[in-house]
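Colleague: I'd like to ask you about the structure that follows.
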Amino acid sequence: MDVVIVPTPAEVGERAAEVTARLLRAAGSEAVLGVATGSSPLGLYAGLAERVRAGELDLSRASAFALDEYVGLPDGHPESYREVVRRTVTEPLGMDPARVHVPDGQAADLDAACVRYERAIAESGGVDVQIVGVGVNGHIGFNEPATSLASRTRVELLTDDTRRANSRFFASIDEVPRRAVTQGLGTILDARHVVLVATGSAKADAVTAVVEGPVGARRPGSVLQLHPEVTVVVDEEAAAGLELADYYCQMTDAREALLGD
Ligand code: F6R
């Protein structure tokens, strides 16, 4: 795991955008991007959008797959992830809406929709760069504690912690759906590279669990320790619990000096 610690949330966005843009360019014009919603990746998406505007990155033939979607929100609901992805990813990054996929949270047969989503990811050739945030309880995607580390796309019951955290996007917690369709941990591990972004002191415990373990279903994001290509970009507040923070900074310096990375 490459753990990059920067002073501020703005620098998290910029640094993560730099890493992601480099990986997307290397993947070619038909790169496949995995996208998280929520607050954490907004700076990263803004950084990618800047590069698209400047002509340094072209995502017009790239595809995207969202990590998750609430079950049961009606078409056009502003907090449905279909809408959030349209506003924060598809439009600002100049992507073709036909190539941007979000799980179907309204399907009459949700299990069949999950199988179709897995198939669509596989048929695209697989995700080149998966962006993830982490929940205060250590979830990635909506893989809540006790998720199988090998899980695939499925319907998940959201924890009270997650519904409380996400109630900031709704008029009240009662409006936050109780279920979501989410890519599984096994699905996320299939991505060729994972970029995790987190900011703020509320994420410090979760970041420590993800980076320094132990690996286990109590903190589902810790499964990323099993993936060989993960970049974690966090601000100092989110890194506050990392026992080996000094070492990660030395590794970042060494990588930059020796590898020009
Ligand atoms: C959203 C997702 C979630 C969020 C996590 C952090 O698509 O998959 O795992 O990344 O809940 O949310 P924020 O960034 O809003 O704190």
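Colleague: Out of the residues in region 171-187 meeting the condition of being under 16 Å from the mean Cα position of the chain (by Cα) and outside any strand (DSSP E or B), tell me which one is surrounded by the most Cβ atoms within 10 Å (Cβ to Cβ).
Modeller: First, pick out the residues of region 171-187 that are under 16 Å from the mean Cα position of the chain (by Cα): 180-187.
Imposing the further condition that a residue be outside any strand (DSSP E or B) reduces the set to 183-187.
Details: 183: 31, 184: 23, 185: 24, 186: 17, 187: 27.
So, considering only residues that are under 16 Å from the mean Cα position of the chain (by Cα) and outside any strand (DSSP E or B), the one surrounded by the most Cβ atoms within 10 Å (Cβ to Cβ) is 183.
Colleague: Which of the residues spanning region 58-91 are open to solvent by 20 Å² or more (accessible area, probe 1.4 Å), acidic (Asp, Glu) and either within 25 Å of residue 196 (Cβ to Cβ) or at pLDDT 95 or above (or both)?
Modeller: Selection gives 58, 79, 83, 91.
Colleague: Return the residues of region 111-153 that are of a type in the set (Ser, Thr, Tyr) and in a helix (DSSP H, G or I); say none if nothing qualifies.
Modeller: Result: 117, single match.
Colleague: Taking the stated definitions as given, is residue 156 buried (at least 21 other Cβ atoms within 10 Å of the Cβ), outside any loop (DSSP other than H, G, I, E, B) and among the charged types (D, E, K, R)? Show your work before the answer.
Modeller: Working: buried (at least 21 other Cβ atoms within 10 Å of the Cβ): yes; outside any loop (DSSP other than H, G, I, E, B): yes; among the charged types (D, E, K, R): yes.
The answer is yes for residue 156.
Colleague: When you scan region 1-105 for helices (runs of 4 or more DSSP H) that lie fully inside it, which ones turn up with 2 or more residues that are of a type outside the set (Ser, Thr, Tyr) and over 18 Å from the mean Cα position of the chain (by Cα)? Step through it out loud before you land on a result.
Modeller: Details: elements: 9-27, 42-53, 81-85.
Fully inside region 1-105 and qualifying: 9-27, 42-53.
Colleague: Then there's this: Condition (residue is more than 16 Å from the ligand (Cβ to nearest atom), in a loop (DSSP other than H, G, I, E, B) and modelled with pLDDT of 95 or more) applied to region 197-207: is it met by at least one residue? Before you say what the answer is, go through the steps one by one.
Modeller: Residues of region 197-207 that are more than 16 Å from the ligand (Cβ to nearest atom), as a first pass: none.
No - not one qualifying residue is present in region 197-207.
Colleague: Condition check: among the basic types (Lys, Arg), open to solvent by less than 20 Å² (accessible area, probe 1.4 Å) and within 15 Å of the ligand (Cβ to nearest atom). Does residue 168 satisfy that?
Modeller: Working: among the basic types (Lys, Arg): yes; open to solvent by less than 20 Å² (accessible area, probe 1.4 Å): no; within 15 Å of the ligand (Cβ to nearest atom): yes.
Taking the combined requirement at face value, the residue does not satisfy it.
Colleague: Also: Give me the pairs: first residue in region 141-165 and away from the ligand (no atom under 14 Å from the Cβ), second residue among the aromatic types (Phe, Trp, Tyr) and part of a helix (DSSP H, G or I), beta-carbon distance under 9 Å, and six or more apart or on different chains, which are they?
Modeller: none
The values are calculated or read from the model by the stated rules, or taken from the named source; none is laboratory data. Bear in mind the structure is a predicted one, so any value in this text is a computation, not a measurement. Cβ sites come from the backbone with ideal geometry, for glycine too, and all protein chains shown count toward neighbours. The accessibility values were calculated without ligands, DNA or RNA, using every heavy atom of the protein model including side chains. Shrake-Rupley method; radii C 1.70, N 1.55, O 1.52, S 1.80 Å.
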